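Some notes on the structure that comes next.
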Amino acid sequence: MKANALIQTIDNTLTILGPLAGGSVVMLMGGINALCFDVFSFILSAGILYALPKSRKPRTRKITLTFLKNDILEGAKYSFHQKVIFSGSLMFFITNFALNMFEANYIFYMTKALGYPLIDATIALSIGGIGALIAGPVSSLIVERFRAGMLLSISTVLAGLSTLLLLINTNYLYIGVILVLVSFFGTINVITYFTLRQRTVPSEQLGRVVAVTRMVSYASIPIGSWFGGLLLNQGISMAWVILIAGVVRTGAGIGAGMSPLAHER
């Protein structure tokens, strides 16, 4: 659990710095040059990862499509039979759908709909990252003290209700503060589920189960992004997109509270 909290804290520190750095690069270099810079940063990251010292000898077993298929099927079979784990991945499927309805269209909303300069939009997004940063150490204090199912349900509901607070005011600093709440509860969500999964799944199955549950929970990201954009393209205001996203995320938390996840021990 502490490892999950530490990893999320490091990741979310970069979440705060990333939007500010990215917005500055776009302003200084322009959109096309910023994309080229982004591509270079990924290549550099890949090179650094490849150069990291190897802790053990590489596996000599040949990896084939059949091998991958069997691993995925085995992980899927185990996940589907573990109602608590599978309920959690379905909750994240709905949560990610709702989250990305808003997040995918955030820059459009801030710069086009509200008319803020890009730097204000990135400042608000960076402020929001503070919530995720705080959630790291806080989660280390509460995850072991409360039932995971209860924490997952409550934090999802609170993240959804926090999303609805975006309807009250459109000041960019206010939006940043609300995003603090959304990211705080969302990160508590993630750390709790990761800890639950690691605690309940045997180590020999963990890699397969992580792969399958992530595929399920992440599958809704492009769908939510597309659906939010579709609504905006049809002339529906961002207020409605935020309302739908908040209600759906709140509903996911309520549903989790009535699922096998709520009876986790």
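The values are calculated or read from the model by the stated rules, or taken from the named source; none is laboratory data. Being a predicted model, the structure only gives us computed values, none of them experimental. Because the Cβ atoms are built from the backbone with ideal geometry, glycine has one as well, and the counts that use them run over all protein chains shown.
Only one of these conditions is not met by THR60: (1) hydroxyl-bearing (Ser, Thr, Tyr); (2) part of a loop (DSSP other than H, G, I, E, B); (3) at pLDDT 75 or above. Which number is it?
(3)
What number of residues in the range 89-110 are of a type outside the set (A, V, I, L, M, F, W, C), assigned to a helix (DSSP H, G or I) and more than 15 Å from ARG249 (Cβ to Cβ)?
3
Return the only residue of PHE102, PHE93 being out of contact with any Pro (no Cβ under 6 Å at 6 or more places or on another chain), under 16 Å from VAL241 (Cβ atoms), crowded, with 18+ Cβ neighbours inside 10 Å and in contact (Cβ under 8 Å) with a residue 12 or more places away in the chain.
Every option except PHE102 fails the conditions.
Can you work out which of the residues in the range 145-183 that are under 25 Å from MET258 (Cβ atoms) and out of contact with any helix residue (DSSP H, G or I) (no Cβ under 8 Å at 6 or more places or on another chain) is surrounded by the most Cβ atoms within 10 Å (Cβ to Cβ)?
Checking each candidate, the answer is ARG147.
Consider only pairs whose beta carbons are under 8 Å apart and that are at least six residues apart or on different chains; among these, list those whose first residue lies in the range 67-80 and is within 13 Å of GLN205 (Cβ to Cβ) and in contact (Cβ under 8 Å) with a residue 60 or more places away in the chain and whose second residue is part of a helix (DSSP H, G or I) and among the charged types (D, E, K, R).
Short answer, once both residue conditions are applied: ASP71/ARG208; ILE72/ARG208; GLU74/ARG208; GLY75/ARG208; TYR78/ARG208.
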